[in-house]
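K.L.:
Take a look at the following structure, please.
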Amino acid sequence: MTTTLAGGRAARRQTMRRIRPRRSPAVPLLLGLWAGAAGVLWLWWDNTPAVADRAGWVLGAGRITGLVAGYLMALVVLQMARVPALERRVGSDRVARWHAMSGRYTLCLVLAHVLLTMWGYALQAGKGLGDVVQQTVDSVQQLPDMGKAAVGTGLLLVIGLISAGPVRRRLPYDLWYHVHLLTYAAVFLTFWHQITTGNDFAVQPLAKTAWTALYAAVTALLLWYRVLTPVRLNLRHRMRVEAVIEETPGIVSVLIGGRKLHRMGAEAGQFFRWRFLAPGMRFSSHPYSLSAAPRPGMLRITVKAIGDHSSRLRDLEPGTRVWAEGPYGALTAQRRSRGKVLLVAGGVGITPMRALFETLPGAAGDITLLYRANSTQDLALWDELAAIADERGARLMYAVNSPDGERPDISAESLRRKIPEIERHDVFLCGPPGFAQSVYEALRDAGVPARRIHHESFEM
């Protein structure tokens, strides 16, 4: 059984809007973050006297690694705060990559800070590198807030371990996700020793105030966007499951009803983190994109069963309460800069592409959708796509394996042959990582500039 969700008036109005590209604020944000890092380096330099011995050099290195690690910790939490300017303008996947990179650097700097500082203390006491462990134990017992810092550092090590690619791929998503949330506790525990034992803040009260204000501001953003905003959204819209419909074997659509859902601020191409308050699913929150433009009383997600959570969706009962966080993602019409658009979807990546196919502004002939699947039976939502193509005068193509299993040719040459002037198109791309990478390379070889290839991963 399949379901066809007819285009609403809001979706039709969207197709008639003017193209108004909106630039990503990524570059100004990065410049601001580097300026903050430069301020941290200046603080260290300004408070570093002439170094006369080995202990001074080692302690100086311990101080700078600690300061930079503390600054990066604040940024790590900021990147987890779901701030709309980051999630909806820069892009959730890009912010996730920043977060992962910042986390790795932070952990390395924290470990270097501990080793160098304890080694420096040992040298001051007339000991050597071999006494670092005992010096660490003594410091934890004697210095204020060092016990909290030790626990926080231990948590960071655990989080870093489970976030390593080979380990994370073997862990259930929910376990990784909930352990990862201990980052908040780790940052909270390590913050206090920065203020009470940090020499730079002891001699610079203004720096201490600015440092505390930085952490306070990040904490406020975290509480606002991760706690209060979702509570307000769900109390206002009161979402429940209306129906679950099998589109193709292994792929289901979940229809979600509620109050004034079109006022949630969601756009085609975006996603929410969904929590279904059903037995066995209450503590699981997973990202799924909208597979249709929001309607006043209806949202829809279309999901392929590839894990425990996604497999359970087919058993949801009508009336099940839904808790959502979002909308997130920057794969929207705002990224578009050209009149001609190519949408490329692989597998279940069709979900945001279907919503964009329905709503992207454009005249007849402006929009083309290329849908890759293993077989024609796997072309989920095909009836809807065909209806949208007929109504809009858009072009709809599919690429499936041949009867003997041979994969279709999606190369630069085939793209240039099938899509005239492809180098003048904006391209929206969504699909499995391997598929997305191969298509991206083909598009680049076909002459499409990187700035006009818009893609986003929802595997977070």
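K.L.:
Among the lysines, select those whose C-alpha is under 26 Å from the C-alpha of residue 208, and discard any that sit fewer than 8 residues away in the same chain.
P.N.:
148
K.L.:
For every helix of n ≥ 4 consecutive DSSP H residues, a contribution of -39,500 (n - 2.57) applies; sum these over the chain, divide by its total residues, and give [θ] at 222 nm rounded to the nearest 500 deg cm²/dmol.
P.N.:
So the helix-based figure for the chain works out to -15500 deg cm²/dmol.
K.L.:
Order of 236-248, 335-347 by packing, highest average Cβ count within 10 Å first?
P.N.:
Highest-to-lowest ranking by the protection proxy: 335-347, 236-248.
K.L.:
With contacts defined as alpha carbon pairs under 8 Å and 6 or more residues apart, what's the relative contact order of segment 210-352 in percent?
P.N.:
Value for segment 210-352: 29 percent.
K.L.:
Percent antiparallel among DSSP beta bridges with both residues in the chain, to the nearest 5?
P.N.:
Antiparallel: roughly 60 percent of the beta bridges in the chain.
K.L.:
Also, I was wondering about something else. By a straight-distance test (C-alpha under 17 Å), which aspartates and glutamates pair with residue 340 as possible cross-link partners, with residues fewer than eight away in the same chain excluded?
P.N.:
The qualifying aspartates and glutamates are 358, 366, 421, 423, 426.
K.L.:
Report the far tail of the P(r) of the chain, meaning the percent of Cα-Cα pairs longer than 42 Å.
P.N.:
28 percent
K.L.:
A follow-up question, please. Once you list every other residue whose beta carbon is under 15 Å from the beta carbon of residue 114, what net charge do they have if Lys and Arg are +1 and Asp and Glu are -1?
P.N.:
-1
K.L.:
Under the rule of at least 5 residues apart or a separate chain, name every residue whose amide H is placed under 5 Å from the amide H of residue 320.
P.N.:
Distant-sequence amide H within range of residue 320: 241.
K.L.:
With a sphere of radius 9 Å drawn around the Cβ of residue 283, what net charge do the other residues whose Cβ falls strictly inside it have (Lys, Arg +1; Asp, Glu -1)?
P.N.:
Local net charge: +1.
K.L.:
Here's something else I'd like to know. To the nearest 10 Å², what's residue 158's accessible area with a 1.4 Å probe?
P.N.:
70 Å²
K.L.:
Separate question: Counting other C-beta atoms within 10 Å, and keeping those with at most 14, which DSSP coil chymotrypsin sites (Phe, Trp or Tyr not before Pro) do you find in segment 69-137?
P.N.:
Here no loop site has a sparse enough neighbourhood.
K.L.:
Based on DSSP H assignment, which helices of the chain show an axial Cα extent of at least 20 Å together with a mean Kyte-Doolittle hydropathy greater than or equal to -1.0?
P.N.:
Qualifying helices, which must be both long enough and hydrophobic enough, are 26-46, 54-79, 92-124, 146-163, 183-197, 205-223.
K.L.:
5 Å is the cut-off here: which amide hydrogens, built 1.01 Å from N in the peptide plane, fall below it relative to residue 396, excluding neighbours closer than 5 in sequence?
P.N.:
Placed amide hydrogens put 369 under 5 Å from residue 396.
K.L.:
Only Cα pairs under 8 Å and at least 6 apart count here; give the relative contact order of segment 23-156 as a rounded whole percent.
P.N.:
Worked out over segment 23-156, it gives 27 percent.
K.L.:
Add +1 for every Lys or Arg and -1 for every Asp or Glu among the other residues with Cβ under 15 Å from the Cβ of residue 219, and state the total.
P.N.:
Taking every Cβ under 15 Å from that of residue 219, the sum is +2.
K.L.:
Quick check on segment 201-311: what are the equivalent-ellipsoid semi-axes from the Cα gyration tensor, as sqrt(5λ), descending, whole Å?
P.N.:
Semi-axis lengths for segment 201-311 are 38, 17, 12 Å.
K.L.:
Going highest first, how would you order 201-214, 253-266 by mean Cβ packing within 10 Å?
P.N.:
Top of the packing list down: 253-266, 201-214.
K.L.:
Roughly how many whole Å is it from the C-alpha centroid of segment 99-148 to that of segment 269-343?
P.N.:
44 Å
The values are calculated or read from the model by the stated rules, or taken from the named source; none is laboratory data. Being a predicted model, the structure only gives us computed values, none of them experimental. Methodologically, a virtual Cβ is constructed for each residue, glycine included, from the backbone with ideal geometry; neighbour enumeration extends over all protein chains shown. Side chains included, ligands, DNA and RNA excluded: accessible areas come from the protein's heavy atoms. Shrake-Rupley method; radii C 1.70, N 1.55, O 1.52, S 1.80 Å.
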